[in-house]
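Comments concern the structure below.
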Amino acid sequence: MIYDERLSKVSILGAGGKMGSGILLLTAIEMADLSFKKENEKFTFILNAIDVSDKALDGLVDYVRIQARKIAEKKIVFLRDIYSENRSLIYNDEIIDDYIAKVLSVIRPSTRLENTYNSNVIFEAVNENPQLKIKLFKQIEKNSDTSPWYFTNTSSVPISYLNENTELEGRIIGFHFYNPPAIQKLVELISGKETIPELSEFALEYAKRLRKFIVHSNDVAGFIGNGHFMRDALYGIKLLNDLKLEFGFAEALYIVNKVSQDYMVRPMGIFQLVDYVGIDVCKYIMAVMNPYFDNEDLHSDLLDQLFDREVKGGQNSDGSQKDGFMKYEKGRISAIYDFNNSKYVEVNTISDKMDSLIGGVPKNHIVWKDIIKIKDRKELLTNYFNNLNSLDTLGATIAKDYMKATRAIGLKLVSQKVAKTEKDVNDVMLTGFFHSYGPINDFLPWEELK
Amino acid sequence: MRKKIYITAGYNTISLGSGRKEFHPKKPRPDLEHYIKEAGEATLKIIGGAQNVDETVISNFNASQYNKQANLPGYAPYIDKKLKYKPSTRVEGACGSGGMALATGIKFLLSEESDVILTLGFEVQNTVKAVYGADILATAGWWKDRKDGHAHFFPGQFSDRASAYYEKFGREETRSAMVRWYKNAIENARLDPTAQEYHNSDSELETTANIEPNGKVFVDDLTVFDCSKVSDAASALAIMTEDGLKRCGIDKKDAIEVLGFAQAEDDITTQPEDPTRLITTEKAVKFALEKAGITKEQIGTVETHDCFSIAGIMSTEAIGFAKPGKGPDYVLKGNTAHDGEVPFNTTGGLIGWGHPVGATGVHQAVTIWQQLTGKAGDAQITLSEERPYGMTINMGGDDKTVTCIIYKTAD
């Protein structure tokens with residue numbers, strides 16, 4: 001079956017979710033584009049958007065409509081070309097409207113899993129719960145008459161584990177989008193031990209058509225992205241636990257978050273990132289990963305306790321941030337969680353007290369949003385980190401330790417054979433997490449740092 | 001000229017659009033009423049009030065589509081109640097509307113119907129995204145050409161001209177001259193606080209603009225730096241007879257005189273005879289020089305219609321400053337720069353100051369008025385005795401509706 005035919009019948013599981021809706025959008029666009037080809041007139045393009053409840057599917061088509069317009073506006077040159085023979089559509093707006101209608105027409109939202117039974121490709125983007133994934137795959141396998149290929153958006157569950165437990169005989173591949181899929185360029189591609197080569201080829205073609213940047217990760221729980229992020233978060237929590245003895249919980253949280261953002265020139269501090277992904281999601285991912293690593297404990301009591309107190313982070317359906325380690329107003333941190341009395345403290349009362357203790361940022365500091373725009377930024381970063389290295393303020397000391405720790409995490413991913421190369425680790429952090437530099441770098445004299 | 005015609009009391013609003021610090025595509029912006037009122041009131045104030053005005057000429061390209069508003073003459077009394085029940089006329093010739101408003105005003109004065117005319121041009125384009133604005137702008141071409149035209153219709157038209165020019169006269173030097181044109185435009189815009197590129201602080205303008213065109217995302221033979229931007233602005237001035245000057249109490253040192261003007265029109269349903277030349281512009285310039293009784297060697301500064309850098313370069317040939325194919329060399333030698341032999345577009349032109357379509361022709365005249373009366377601020381140039389005259393060239397569509405006007409200091 002050629003690429004176009006295989007992609008004419010697709011189902012997305014968890015289509016109403018944050019990841020699922022993005023995957024739905026990109027796949028609908030790709031299917032609409034394929035449907036314009038003359039030789040594809042014989043196919044009916046159907047994209048089943050499956051989710052557990054009507055509520056989850058509510059608003060999904062509106063989301064795709066709005067996003068498809070933005071995408072269509074950007075590719076108007078291409079669209080005018082494919083509409084050149086349609087003489088009745090003349091103006092850009094007419095062509096864009098027609099194209100959006102075409103994109104929407106391939107989508108069939110439904111709560112019924114039965115609709116997937118004649119799909120050639122199943123894209124799974126449900127909760128990070130291995131047993132749920134296996135249950136869904138098994139049900140489709142039992143009823144499907146097409147022996148479909150499975151794409152899983154899992155960010156942590158080994159592909160071989162899913163393959164064996166569902167008896168898919170290699171008809172599954174890991175295709176891990178980053179959030180939000182419509183914008184993030186990175187996809188981690190993970191073949192299991194038995195993944196069939198034709199499926200790998202198909203996945204590469206699909207990624208290429210979606211203009212994604214591929215990093216191949218080995219099939220080890222957590223892969224590269226979460227392999228780094230979960231350990232990064234655990235290191236942040238360890239620092240928090242150390243510092244809280246001296247400064248108090250909320251103060252320590254503030255310090256670690258600020259240093260990991262400002263001093264380390266990242267888009268957000270480590271606790272803001274955990275809030276963004278969700279404390280609950282991080283907890284689940286760690287639980288999935290932990291059994292696979294003998295000499296490590298990928299688990300945090302603090303995350304469990306926060307979860308039990310219903311402090312979970314994550315995002316509301318409108319994209320705004322829910323309360324987690326911190327509270328946010330219009331995307332900015334407004335208050336910090338104090339574990340001892342389960343209350344949030346105004347960020348200003350803490351920053352007034354702590355900023356002078358942390359010390360100012362080193363000379364030549366450039367904020368992340370500016371430096372990320374500069375392509376050749378190595379020299380700027382080298383200068384900056386030289387200045388960081390020469391300081392022994394509280395902030396500089398923590399930043400140096402933290403950078404050494406993340407470097408060790410990165411190197412370990414290579415030695416554990418999660419990542420194939422150091423470059424792959426850095427690529428994932430640069431493109432998937434928008435870091436301004438990779439964790440494996442030469443910015444600091446690592447041997448000299450205690 | 002049958003009688004002396006003067007221009008005075010010029011005023012430009014800022015040219016708002018990407019590049020200005022005040023501009024944010026998702027935040028509310030001033031509407032067309034704001035621009036009309038600001039520019040109109042400013043000119044009326046200088047000439048002693050609306051009671052001195054006999055009639056109004058308003059130029060605008062396409063408020064019907066950008067702003068869902070037609071019947072624009074009705075905005076004259078909106079500027080000032082004293083214009084109620086006085087004549088008001090709207091003219092439209094696409095990007096050449098402003099020049100047409102000046103020519104119309106001049107002819108009203110020559111007809112002896114009026115002595116003082118308020119002339120105001122405006123366009124508020126940021127109401128739609130550029131991808132949809134492209135279709136609105138495309139109505140400046142022939143509607144039957146739209147379907148097979150480029151998504152970005154006018155950049156497509158001038159990309160085709162650039163392509164023909166590259167082929168006939170060489171690509172490398174032409175591209176270098178286009179990059180230089182951009183640099184001159186931005187540097188000149190930095191001299192005028194109302195310019196859209198006034199805030200541009202790029203220190204490597206030539207490096208920035210020296211990129212290869214990419215037909216997959218834009219057009220085949222132009223980059224975005226070869227194009228004027230989307231702009232919201234209004235420009236106003238007063239055109240008057242000698243009696244008008246007296247009525248308004250305007251000193252001649254604050255006015256300039258129209259030495260000659262010409263309009264030329266080409267058939268909108270046809271493609272250019274020779275895409276490497278602006279033939280209608282050639283005609284308008286020739287007629288205007290003849291009517292003014294001067295030669296091109298006496299022109300000291302030009303405001304030309306550089307909707308695209310290639311159009312700016314081709315206009316140096318249309319005027320006759322450079323032979324066919326030698327416009328790039330003329331520009332690269334620095335002749336059009338602010339300190340060159342004939343400074344072009346001294347406040348940035350369409351690429352640097354902005355291109356609020358229906359206002360552009362009026363803005364050009366305001367710039368010449370500022371230069372010839374010593375009111376150009378940091379952009380001020382000094383004209384030599386041998387080259388004392390200013391010229392504006394305003395072009396509608398793809399060299400279809402052209403007005404050329406020649407100006408001198410008033411005496």
| task | Report, in whole Å, the centroid distance computed from the Cα atoms of region B:48-113 and region A:79-156. | result | 56 Å
| note | FRET efficiency for residue B:270 and residue A:320 from the Cβ-Cβ distance with R0 = 60 Å, rounded to 0.05, comes out at 0.60
| remark: Rounded to the nearest 5, the percent of DSSP beta bridges in region B:280-405 running antiparallel is 50 percent
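At 1.4 Å probe size, with every protein chain present, just tell me what the per residue accessible area of region A:3-216 comes to in Å².
Each residue of region A:3-216 exposes 43 Å² on average to a 1.4 Å probe.
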| field | Cα-Cα over 20 Å, subset of A:375/A:423; A:42/A:102; A:283/A:330 | value | A:283/A:330
| query | At a Förster distance of 60 Å, what's the computed FRET efficiency of residue B:82 paired with residue A:61, Cβ-Cβ distance as r, to 0.05? | reply | 0.60
| query | For the Cα atoms of chain A, what angle does the longest principal axis make with the long axis of helix A:422-431, in degrees from 0 to 90, nearest 10? | reply | 80 degrees
| query | With each label point set 7 Å from Cα along the Cα-Cβ vector, what nm distance links residue B:242 and residue A:392? | reply | 8.9 nm
| query | Expressed as a whole number of Å, what is the distance separating the alpha-carbon centroids of region A:163-186 and region B:5-35? | reply | 51 Å
| Using the Cβ atoms and a cut-off under 14 Å, what net charge is assigned to the surroundings of residue B:271, where Lys and Arg are +1 and Asp and Glu are -1? | -4
| query | How big is region A:21-124 by Rg and Dmax over its Cα atoms, in Å? | reply | 14.5, 43
| task | Go ahead and run the numbers for FRET between residue B:113 and residue B:34, Cβ-Cβ distance against an R0 of 35 Å, rounding to 0.05. | result | 0.70
| In whole Å, how far is the Cα centre of region B:283-308 from that of region B:124-149? | 29 Å
| HN-Hα J couplings of region A:316-321 from phi, Karplus 6.51/-1.76/1.60, θ = phi - 60°, integer Hz, Gly and Pro as x? | 6, 5, 7, x, 6, 8
| query | Dipole magnitude of the protein assembly as shown about its Cα centre, charges +1 at Lys/Arg Cβ and -1 at Asp/Glu Cβ only, in debye to the nearest 20? | reply | 780 debye
| message | Given a 10 angstrom Cα cut-off, can you work out which residue in A:80, A:108, A:69 is the most mobile in a GNM of chain A? | response | A:80
| In a shell of Cβ-Cβ distance under 11 Å around residue B:247, excluding residue B:247 itself, what net charge do Lys and Arg (+1) and Asp and Glu (-1) give? | -3
| For region B:140-162, residues shielded by at least 20 square angstrom of accessible area compared with the chain on its own, probe 1.4 Å | B:143, B:146, B:147, B:148, B:151
| query | Leaving out ligands, DNA and RNA, what percent of the accessible area of the protein assembly as shown is carbon and sulfur, probe 1.4 Å? | reply | 50 percent
| query | Dipole magnitude of chain B about its Cα centre, charges +1 at Lys/Arg Cβ and -1 at Asp/Glu Cβ only, in debye to the nearest 20? | reply | 900 debye
| remark: The A/B contact buries a total accessible area, at probe radius 1.4 Å and rounded to the nearest 100 Å², of 1300 Å²
| field | Of A:90, A:111, A:173, farthest towards positive along the dipole that unit charges on Lys, Arg, Asp, Glu beta carbons give region A:3-216 | value | A:90
| message | What do you get for trypsin sites (Lys or Arg not before Pro) in region A:372-419 restricted to DSSP loop and a cutoff of at most 12 other Cβ within 10 Å of the site's Cβ? | response | A:373, A:375, A:417
| remark: Cβ-Cβ cut-off under 14 Å around residue A:180, Lys and Arg +1, Asp and Glu -1: the net charge is +3
| request: List, largest first, the extents of the alpha carbons of the protein assembly as shown along their principal axes, each in whole Å. | output: 99, 69, 53
| request: At most 11 other Cβ atoms within 10 Å and a DSSP loop assignment: could you name the trypsin sites (Lys or Arg not before Pro) in region A:13-56 that fit? | output: A:37, A:42
| task | Please report the Cα spread of region A:225-448 along all three principal axes, rounded to whole Å, starting with the longest. | result | 44, 43, 36
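Assign unit charges at the C-beta atoms only (+1 for Lys and Arg, -1 for Asp and Glu), then state the dipole size of region A:225-448 relative to its Cα centre in Debye, rounded to the nearest 20. Mind dumping the intermediate values first?
On the way: 27 positive and 32 negative charges, 125 e Å.
That gives region A:225-448 a dipole magnitude of about 600 debye.
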| said: Using only the alpha-carbon atoms, how far is helix B:32-46 inclined from the longest principal axis of chain B? Give it as 0 to 90 degrees, nearest 10. | reply: 50 degrees
| Sequence-distant residues sharing a close amide H with residue B:255 (under 5 Å, placed H) | B:410
| remark: If one compares the long axis through the Cα atoms of helix A:130-143 with the longest principal axis of the Cα atoms of chain A, the angle in degrees, nearest 10, works out at 10 degrees
| request: Using label points projected 7 Å from each Cα along Cα→Cβ, tell me how many nm separate residue A:145 and residue A:295, to one decimal. | output: 5.5 nm
| From the backbone phi of region A:392-401, what are the Karplus-calculated ³J(HN,Hα) couplings (6.51 cos²θ - 1.76 cosθ + 1.60, θ = phi - 60°) in whole Hz, Gly and Pro given as x? | 10, 5, 4, x, 5, 5, 5, 4, 5, 4
| field | trypsin sites (Lys or Arg not before Pro) restricted to DSSP loop in region B:162-212 with at most 16 other C-beta within 10 Å | value | none
| Of all the stretches in chain B, which is the longest one without any exposed loop site, taking GluC sites (Glu not before Pro) in a DSSP loop (any state but H, G, I, E, B) with at most 12 other Cβ atoms within 10 Å? | B:274-384
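The values are calculated or read from the model by the stated rules, or taken from the named source; none is laboratory data. On a predicted model such as this, the values are computed, not experimentally measured, just so you know. Note that we place each Cβ from the backbone using ideal geometry, even for glycine, and neighbour counts take in every protein chain shown. With ligands, DNA and RNA removed, areas are computed over all heavy atoms of the protein, side chains included. Shrake-Rupley method; radii C 1.70, N 1.55, O 1.52, S 1.80 Å.
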